[in-house]
Amino acid sequence: MLKQMGRTSQTVLIILYVLTTAKGFEMEIIPAHRVVAQIGGTVILTCNTTGCAFPKFSWRTQMDYPLGGIVSNNKMYSTLTMNPVSTENCNDYLCTVLCNKEKKEKSVKVELYSFPSDPVIETNTSLVVGETATVICKIRDVFPSNHLEVLLKKEEHILHIETFDGDVISTKTETITVAYSFNLATEDNGKEITCVARLQIAGMDFEPKERLTSLKLNANYGPQNTFINASPGNSSMEGHSLKLTCVTESNPPAQVFWRKHLAKETIQHFIENNVLSIPNARFTDSGQYICEVINPVTKKTEKATVNIFIEAPPKNTTLTVFPSSSVKEGESVTISCTAASVPAVQIILEKKIGDVVTTLKTEDGKYTIDKAQLKDAGKYECTFINKFGNHSLDVELVVKVPPQNITVLIYPSENVEEGENVTIMCSTYSNPPSQMILKKVNQDKEIILPSVNGTFTLYNVTKNDTGRYLLDVFNEVGNNVKVIEIAVLGKLEKPDGIMPMIIAFSCVTAIAIPVVAILIYVSRQAKINGSYSLVKALRLKV
């Protein structure tokens, strides 16, 4: 029984061998020809066979370097796993398959790169304007580094380019460092420094081929251009608030110290703040104020001073117009200027129209216009003066007048033919500006025509447009009416045909007689001189 089973197994193997060899022994490597992998990743090479019942697999590198991976053989295929991939795996790998006495071999090239992370940018610990700044860009674990290109940019301006395509071929991952130094300016603060790293290997398809990192420059500078801004000004009225602001340019923000220089040459210190407020100023607050600013990084200092004068100009000043600052022509109006009399205040009332200034005589600060006219309109200004200063108030007096100096133009005329257009243009002066309405008086109804900027147009007039028109010009003060008579005539008939012939004959006769006279004159001159120029003769006659 056992002998029979053995014979049966041998028969099956012989049949399987015959079948497989009949198909032909073949092999392949997957991936074929070429593999591109990143260092640290995983690569699996698979060697497959067909047409062989009992293949025998072996792996080696073309230069007999260590495989750097684990081989796993199965019945019909074999795998070489490299995990993680390292620089020693950058080889040509050959898979050899023996099928009985027949041997086949194929190779695949494993090409490696490493470009795992974005660049890292570093700068000096402290960047100070006016000093040298150094920017350092580091690109970690690069392979092969001889294909690396690094650019340093400030905004869009390229500062530095460096390549590493030397004769030395890298055999391991490297950290590449590129440094660039430049003189730091104030305007560099806040600008972006960008490091761009490019790994470009011909024929290798991988992403990304470019990595970049940006860093904003934090430039320490100042203090500089320090000054004190006094609000509302260096001279302030007694009792009013006063605010002094110390303005400086500094990064980081400067520390501010205030002090006041007193008459006895002693120094009084104020709080450390860039704003010094005096809520209720007194005359004794006058003096010189000093702000000193210090940059906590650069330790540089700068000072600024301002002289403050606290004064007491006229107080409680008023300027009133009765009954109103807008009156009709002919009405009475009174302008009053008042102020507290501590100390004594001189009041000056002036009327200003453009560059013309007229000083008006007042009684106890009052000025009365009995009958207001257009010429009285304008700006009135009260000026209050004492030994501490002065103060002014002004008001605009408006005098309203009805429409005046009305001018009416009719184009082409009051008498027109049928089919023509009639344009009526009206101009006037008034305050406030006038409105205009053109009315046609008719027994049955009243027709009102609209105006466009004081212009009325009657289009394609007919005899029905003949008649009387009333031009009403008005504003809120009054109005003025102009009467216009328009006459539309029938079209003239064409003249008899004989008339153009007579006119044409007359014109020809009028031209022919001078021409004959010129020809006679030319002929005579030719006889005398032997020749004569008609052009010259015409010029002389003309």
query = How about the range 251-272: which of its residues are at pLDDT 90 or above, part of a loop (DSSP other than H, G, I, E, B) and open to solvent by 40 Å² or more (accessible area, probe 1.4 Å)?
reply = P253
task = Report yes if S413 is farther than 22 Å from P432 by Cβ, without any contact (Cβ under 8 Å) to a residue 40 or more places away in the chain, among the small types (G, A, S) and not in a strand (DSSP E or B), otherwise no.
result = yes
note = Those residues of the range 379-392 that are surrounded by fewer than 16 Cβ atoms within 10 Å (Cβ to Cβ) and not basic (K, R) come to a total of 3
note = Of (1) loosely packed, with under 13 Cβ neighbours inside 10 Å; (2) in a strand (DSSP E or B); (3) modelled with pLDDT of 90 or more, I424 fails just (1)
ask   = When you go through T171, T134, T175 one by one, which is the residue that is part of a strand (DSSP E or B), open to solvent by 50 Å² or more (accessible area, probe 1.4 Å) and in contact (Cβ under 8 Å) with a residue 12 or more places away in the chain?
value = T175
task = Looking at (1) open to solvent by 50 Å² or more (accessible area, probe 1.4 Å); (2) more than 30 Å from Q373 (Cβ to Cβ); (3) β-branched (V, I, T), find the lone condition where T407 falls short.
result = (2)
query = So which residues in the range 194-222 are free of Cβ contacts under 8 Å to residues at least 40 places away in the same chain and within 30 Å of I294 (Cβ to Cβ)?
reply = K216
query = Would you pick out the residues in the range 273-285 that are surrounded by 15 or more Cβ atoms within 10 Å (Cβ to Cβ) and either among the β-branched types (V, I, T) or under 23 Å from M237 (Cβ atoms) (or both)?
reply = L276, I278, A281, D285
note = Looking across the range 232-250 at residues that are touching a Pro at 6+ places or on another chain (Cβ under 7 Å) and at pLDDT below 90, the single one that is farthest from I290 (Cα to Cα) is M237
remark   = Reported set for the range 68-123 where residues are open to solvent by less than 40 Å² (accessible area, probe 1.4 Å), among the aliphatic types (A, V, I, L, M) and part of a loop (DSSP other than H, G, I, E, B) is V85
query = Can you name every residue in the range 186-227 that is under 30 Å from V306 (Cβ atoms) and either open to solvent by 20 Å² or more (accessible area, probe 1.4 Å) or not in a strand (DSSP E or B) (or both)?
reply = T186, E187, N189, Y221, Q224, N225, T226, F227
message = Condition (residue is in contact with a Gly (Cβ under 6 Å, 6 or more places away or on another chain), more than 22 Å from M204 (Cα to Cα) and either modelled with pLDDT of 90 or more or buried (at least 18 other Cβ atoms within 10 Å of the Cβ) (or both)) applied to the range 32-48: is it met by at least one residue?
response = no
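The values are calculated or read from the model by the stated rules, or taken from the named source; none is laboratory data. Quick caveat: nothing in here was measured; it's all calculated off a predicted structure. Neighbour counts run over all protein chains shown; Cβ positions are idealised from the backbone, glycine included. Keep in mind that these areas ignore ligands, DNA and RNA; they rest on the heavy atoms of the full protein, side chains included. Shrake-Rupley method; radii C 1.70, N 1.55, O 1.52, S 1.80 Å.
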